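Engineer: First the structure, then my questions, so here it is.
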Amino acid sequence: MAYDENLADRIREVMPADGEVTERRMFGGLWGGHMFAGVVGGELMVRIGAEAAERALEHDHVREMDFTGRPMKNMVFVEPAGLQGPALEQWVTAAADYARALTPKQPARPRRRAQPRTRA
């Protein structure tokens, strides 16, 4: 899926510098192994927790994150009109703060491939 590379660059510019962020092309930014922000098409997707997401829906230009057709209660989409001025940095910081509070994930171990069975 194509995404707004200009928005992705703007997000990189306002990313908090006090932690290690891993960027994954299909999943956005990961903090401690948890996805916290990304770009879907031309919109910002942020993971801010269920309570904050509920409050965020009261703002203009914010809608439920429903990428799969089912709403994700702890994430929202923010339209480009809602990312002007300091708003982008505020959204990214809120998402990073939420991810920072989560227990870090352990790196996934590589899966062992099943060995083909040989016939006796």
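Engineer: Among the residues of segment 4-30, count how many are under 17 Å from PHE77 (Cβ atoms) and modelled with pLDDT under 80.
Structural biologist: Counting residues in segment 4-30 that are under 17 Å from PHE77 (Cβ atoms) and modelled with pLDDT under 80 gives 4.
Engineer: Can you spot a residue in segment 96-114 that is at pLDDT 95 or above, over 20 Å from ARG12 (Cβ atoms) and either of a type in the set (S, T, N, Q) or assigned to a helix (DSSP H, G or I) (or both)?
Structural biologist: Within segment 96-114, none of the residues are at pLDDT 95 or above, over 20 Å from ARG12 (Cβ atoms) and either of a type in the set (S, T, N, Q) or assigned to a helix (DSSP H, G or I) (or both).
Engineer: Further, regarding this structure: Could you grab me the full set of residues in segment 41-77 that are among the hydrophobic types (A, V, I, L, M, F, W, C), within 18 Å of ALA87 (Cα to Cα) and open to solvent by 30 Å² or more (accessible area, probe 1.4 Å)?
Structural biologist: LEU57 - this is the single residue of segment 41-77 that is among the hydrophobic types (A, V, I, L, M, F, W, C), within 18 Å of ALA87 (Cα to Cα) and open to solvent by 30 Å² or more (accessible area, probe 1.4 Å).
Engineer: Go through segment 31-69 and give me each residue that's of a type in the set (Gly, Ala, Ser), closer than 11 Å to GLU79 by Cα and not in a strand (DSSP E or B).
Structural biologist: Passing the criteria: only GLY42.
The values are calculated or read from the model by the stated rules, or taken from the named source; none is laboratory data. As the structure is a computational prediction, the values presented were derived from the model and not from experiment. Using ideal geometry, Cβ is built from the backbone for each residue, glycine included, and neighbour counts are taken over all protein chains shown. Only protein heavy atoms, including side chains, enter the accessible area calculation; ligands, DNA and RNA are left aside. Shrake-Rupley method; radii C 1.70, N 1.55, O 1.52, S 1.80 Å.
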